[in-house]
1. For the A and B pair, go ahead and give the buried accessible area with a 1.4 Å probe, both sides summed, in Å² to 100.
2. Can you check what the Kirkwood hydrodynamic radius comes to for segment A:10-113, Cα pairs only, in Å to one decimal?
3. Using alpha-carbon pairs under 8 Å, 6+ residues apart, how would you state the relative contact order of chain A in percent?
4. Specify which residue in the list A:GLN76, A:GLN111, A:SER28 is farthest towards the positive end of the charge dipole of chain A, using unit charges on the beta carbon of Lys, Arg (+1) and Asp, Glu (-1), about the Cα centre.
5. Using a 1.4 angstrom probe, figure out how much accessible area segment B:5-101 has per residue, in square angstrom, rounded to the nearest whole.
6. Note down the relative contact order for segment B:5-101 as a percent, whole number, built from C-alpha pairs under 8 angstrom at least six residues apart.
7. Of A:THR63, A:GLN38, A:SER19, which is farthest along the charge dipole of chain A in the positive direction, counting Lys and Arg as +1 and Asp and Glu as -1 at C-beta?
8. Using the structure shown, list the pairs from A:LYS71/B:LYS11; B:LYS17/B:LYS57; A:LYS71/A:LYS101; A:LYS42/B:LYS57; B:LYS15/B:LYS57; A:LYS37/B:LYS57 with a Cα-Cα distance above 30 Å, or answer none.
Amino acid sequence: GESVGLHLPTLSVQEGDNSIINCAYSNSASDYFIWYKQESGKGPQFIIDIRSNMDKRQGQRVTVLLNKTVKHLSLQIAATQPGDSAVYFCAENMDTGTASKLTFGTGTRLQVTL
Amino acid sequence: GAGVSQSPSNKVTEKGKDVELRCDPISGHTALYWYRQSLGQGLEFLIYFQGNSAPDKSGLPSDRFSAERTGGSVSTLTIQRTQQEDSAVYLCASSWGLAGNEQFFGPGTRLTVL
């Protein structure tokens, strides 16, 4: 979703449930996508990446799905924990000629309730 | 150090003053990036250095913004004649520089222009 000013879209999930965070990207020519996690007062932290020649990639408790047809990216977090509470950003590499010049989405806040 | 460091962590300045923000990338990383993050927003690309190549300045919002990277390591982002709309968190990241490689972010400098 899109954010308006201070109001980031927020996903509330109960501890232990699975979380799905969605992102729509803008450039059909983008070939590299990353999910970042940002905790309050800290810089973004890499979670998982995926290239455009793949449609799914799994990490530890996280899975990224890529649907190039509709330009959609999702991050699935299994067995969500309180420590997963943060803002999650998707990013795309829109400028393949100069490497890793990323364009970030506006973010989704994940709140984990006990 | 083990990660990207930035200084100062917080900077309060008066409108019209110049400020300098510093970034120390991870040792050996050839690529360095500056981003700006306004409150509740995603990251906005500012400038990118890769080795000895000319920097990609396409994200700088005005000619009041400039950046240098000395000796292929430390970088300084300078904002001249600061305006209130410059208030944001300025994030620095570094990477090995190859396309698609993970960017490691510093904690950011929070700039407040009064």
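1. Using a 1.4 Å probe, the pair buries roughly 1800 Å².
2. Averaging 1/r across every pair of different Cα atoms and inverting gives 13.8 Å.
3. 36 percent.
4. Among A:GLN76, A:GLN111, A:SER28, the one farthest towards the positive end of the dipole of chain A is A:SER28.
5. Computed with neighbouring chains in place, this is 47 Å² per residue.
6. 37 percent
7. Selected residue: A:THR63.
8. Beyond 30 Å: A:LYS71/B:LYS11.
The values are calculated or read from the model by the stated rules, or taken from the named source; none is laboratory data. Note that this is a predicted model, so its numbers are computed, not measured. Note that we place each Cβ from the backbone using ideal geometry, even for glycine, and neighbour counts take in every protein chain shown. These accessible areas exclude ligands, DNA and RNA; they are computed on the full protein's heavy atoms, side chains included. Shrake-Rupley method; radii C 1.70, N 1.55, O 1.52, S 1.80 Å.
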